[in-house]
Amino acid sequence: MKTIIALYRRANTGKSTTLNYLIGLLKEQKVDFKEKREIVYYGGKKIAVTTPGDNADEIKKNIKFFEKEDCDILVTATRSKGETTNIIYKYHKEINAELKWIEKNLSVTLQDLINQAQAKDIQATIDTL
């Protein structure tokens, strides 16, 4: 069964940064903080990690990337409500995928530490699949 993990929150809260940390963890490499759509092989799974997600166009591109690459898991950034979440919800129903919503943690003073810790939490979620 395909799985979608949606990291959600309003814009500029560190979703992309957290997902870049996740890519670094899963690939055991240095973190590159650019917006990207990347394939990661981890735990016998092919995972699409997509950092853009603040608008409907980006979410549609993320889904196309996931489909084109025939991945097992899509981990994507998304907004808290509106078009982006509606598209993800509708898509998971269409393909009969498991959908896990993860709210982006926030901190004013320790944001980078929070981003790293949340990336490890998402990795742990992937480990259970």
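Among Ile88, Ile39, Ile5, sorting on how many other beta-carbon atoms sit within 10 Å of each Cβ, with the fewest leading, yields Ile39, Ile5, Ile88. The phi torsions of the range 7-21, fed into the Karplus equation with coefficients 6.51, -1.76 and 1.60 and a -60° offset, translate into couplings of 8, 10, 3, 5, 5, 6, 10, x, 4, 5, 4, 4, 5, 5, 4 Hz, rounded to whole numbers, with Gly and Pro shown as x. Using Cβ point charges alone (K and R +1, D and E -1), the dipole size of the range 4-52 about the Cα centre works out to roughly 120 debye. The residues Phe66, Phe33, when put in order of fewest to most other Cβ atoms within 10 Å, stand as Phe33, Phe66.
Read-outs: derived from the displayed coordinates by stated rules, not from any lab. Remember, it's a predicted structure, so these values are computed and weren't measured experimentally. Using ideal geometry, Cβ is built from the backbone for each residue, glycine included, and neighbour counts are taken over all protein chains shown.
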